[in-house]
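Take a look at the structure below.
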Amino acid sequence: MFLLGILIIIVVVFFLISNSNNKNNPDLVMAKKATINQEVSITGKIKSIKKVDLGFERSGTLSEVKAKIGDKINANSIILKLDISELMAKLKSAEAALEVERAKFDGLKLGTRPALENFTNRKILLAGKLW
């Protein structure tokens, strides 16, 4: 009986030792350097976080487009250019009208304008009739 008790104690101790060794020593695996490839394929719509509404002071025809849809641009970048040929024609016309008015003004300063001479002559004629 004594031997049976010792044998049971030995079996229990052996069982406890073998279970405790498995918990502290997990299976070891050798690490190897490798490439991991992972692809994700998704379909759907992409929506921009920021939306900017563009407003222009005047309408017109575009002469140049410097940015395309999807391009990244910086603040204050020129992205479109308007055709200014009509504005340039109006500027030339206004400059020509200004020169005409300057010439008329210079004539007034010299007193050679016919309308001024006619006015002065009428004044003299009227003054003569009144005396």
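Here are a few things to note about the model shown:
- Enumeration of residues in the stretch 77-129 that are hydroxyl-bearing (Ser, Thr, Tyr) and at pLDDT 85 or above: Ser77, Ser85, Ser93
- Residue check for Glu64: of a type in the set (Asp, Glu) and either modelled with pLDDT under 85 or out of contact with any strand residue (DSSP E or B) (no Cβ under 9 Å at 6 or more places or on another chain) (or both): no
- Residues (among the basic types (Lys, Arg) and more than 30 Å from Ile49 (Cβ to Cβ)) located in the stretch 66-115: Lys90, Lys92, Arg102, Lys104, Lys109, Arg113
The values are calculated or read from the model by the stated rules, or taken from the named source; none is laboratory data. All values derive from a computational prediction rather than experimental measurement. Virtual Cβ from ideal backbone geometry, glycine too; neighbours counted across all protein chains shown.
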